[in-house]
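The structure appears below as structure tokens.
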Amino acid sequence: MSARNFTNESQTALVIARKAAALALDYFNNRDELLIESKKSPLDLVSEADRNVEDYIRSALAESFPEDGFLGEESGGDISKSLWIVDPIDGTTNFLKGLPMWGVSIGLVINGAPKIGIIILPALGKEYIAIEGQGSTCNGKAIHVSKNRDIKRALVIFGRSTDLPPDGPLAFATKTMQQDALLYAFGCCVFNMMCVANGSCDSYVEQRVHPWDGAAAALLVREAGGCATFVLTEESIKTGYPIAAASHAEWMPG
């Protein structure tokens, strides 16, 4: 079997991601007409936009890469050697409330390691792409994590899963503010990760995300020179895993 050409595959996936982003943006601009349901909590929402965008991505990837597996937030899937992992609309609550911090995420993971990462933030006009060993870009320009090493100058993002106790995030927030760092919460994993990748923020932690949140984003942070966690197991698909991203290793959780 010949070696895969990740550059060519990323271009095919990018075309799919752009079409998915355009579809999602159309739903965003007409969000008052969407059918909405709650999942695990009142603020853990899903709409027909999430499902329809994922249906399009799954179908398009299957046509272009018929030998690869698929794992999506809405339709699920199984772990395979070569796997496209998709979050059709990460930050659904933001999306439904009219906030622009949401994105379409497509990642290719082979033997558990991210190889291609594509994240589009349609409402913000941002398009992030990473290929293993080739760096990360935003709208065609190379991006890099922050060079800051002073915690008093740090911008730190944290997230919270609404179905978990708030003790951990509250303790983290208190410790961070006691160190005089600035603390932010944007409500969208892929947006948070891109803030680390492009150097606008220094670190991000959240107590629970899933592989579709982190597959593309972790690669983008790593290829921008930072550190990021990514876990793909049957357990992480079912119950999630804690995620962290930082501009340098010293600011990753111990």
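If Lys147 satisfies every condition in (1) touching a Ser or Thr at 6+ places or on another chain (Cβ under 9 Å); (2) within 19 Å of Ala245 (Cα to Cα); (3) surrounded by 11 or more Cβ atoms within 10 Å (Cβ to Cβ); (4) in contact (Cβ under 8 Å) with a residue 60 or more places away in the chain but one, which is the exception?
The single condition Lys147 does not satisfy is (3).
Could you list, in sequence order, the residues of region 197-213 that are of a type in the set (A, V, I, L, M, F, W, C), buried (at least 24 other Cβ atoms within 10 Å of the Cβ) and within 24 Å of Gly72 (Cα to Cα)?
Step one: filter region 197-213 for residues of a type in the set (A, V, I, L, M, F, W, C), giving 197, 201, 205, 209, 212.
So of that shortlist, the ones also buried (at least 24 other Cβ atoms within 10 Å of the Cβ) come out as 197, 201, 209, 212.
The answer is Ala197, Val209, Trp212.
Okay, residues lined up against (1) crowded, with 23+ Cβ neighbours inside 10 Å; (2) assigned by TED's automatic domain parsing to the domain that holds Phe95; (3) over 19 Å from the mean Cα position of the chain (by Cα):
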| site | (1), (2), (3) |
| --- | --- |
| Asp163 | no, no, yes |
| Pro169 | no, no, yes |
| Gln178 | no, no, yes |
| Val190 | yes, no, no |
| Ala215 | yes, no, no |
| Ala228 | yes, no, no |
| Lys238 | no, no, no |
| Pro242 | no, no, no |
| Ala246 | yes, no, no |
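Do we have Ala49 as hydrophobic (A, V, I, L, M, F, W, C) and not in a strand (DSSP E or B) here?
So Ala49 passes the test.
Do the conditions hold for Ile143, that is, is it under 26 Å from Arg58 (Cβ atoms) and aliphatic (A, V, I, L, M)?
Answer is no for this residue.
Results for (1) crowded, with 16+ Cβ neighbours inside 10 Å; (2) among the hydrophobic types (A, V, I, L, M, F, W, C), shown as yes or no for each residue.
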| position | (1), (2) |
| --- | --- |
| Trp84 | yes, yes |
| Asp90 | yes, no |
| Leu96 | yes, yes |
| Ile106 | yes, yes |
| Ile119 | yes, yes |
| Gly125 | no, no |
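Applying the selection to region 64-75, what residues are assigned to a strand (DSSP E or B), without any contact (Cβ under 8 Å) to a residue 60 or more places away in the chain and farther than 13 Å from Ala13 by Cβ? Explain how you work it out, then say what you get.
Pass one, region 64-75, residues assigned to a strand (DSSP E or B): 69-72.
Narrowing further to those that are without any contact (Cβ under 8 Å) to a residue 60 or more places away in the chain: 69-70.
Correct list: Gly69 only.
Could you check region 24-50 and list, in sequence order, the residues that are modelled with pLDDT of 95 or more and touching a Pro at 6+ places or on another chain (Cβ under 9 Å)?
Matches in region 24-50: Ala24, Leu25, Phe28.
Quick check: is even one residue across region 70-78 more than 25 Å from Asn192 (Cβ to Cβ) and of a type in the set (S, T, N, Q)?
No, there is no match, as no residue in region 70-78 is more than 25 Å from Asn192 (Cβ to Cβ) and of a type in the set (S, T, N, Q).
Out of Ile106, Ile120, report the one residue that is β-branched (Val, Ile, Thr) and under 16 Å from Val196 (Cα atoms).
Ile120
Conditions tested, residue by residue: (1) touching a residue at least 12 places away in the same chain (Cβ under 8 Å); (2) outside any helix (DSSP H, G or I); (3) touching a Ser or Thr at 6+ places or on another chain (Cβ under 8 Å).
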residue: Leu83; (1), (2), (3): yes, yes, no
residue: Val86; (1), (2), (3): yes, yes, yes
residue: Asn94; (1), (2), (3): yes, no, no
residue: Val104; (1), (2), (3): yes, yes, no
residue: Gly107; (1), (2), (3): yes, yes, no
residue: Pro114; (1), (2), (3): yes, yes, no
residue: Ile119; (1), (2), (3): yes, yes, yes
residue: Ala123; (1), (2), (3): yes, no, no
residue: Glu127; (1), (2), (3): yes, yes, no
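The values are calculated or read from the model by the stated rules, or taken from the named source; none is laboratory data. Note that the structure is a prediction, hence the values are computed from the model and not measured. With ideal geometry, Cβ positions are generated from the backbone for all residues, glycine too; neighbour counts draw on all protein chains shown.
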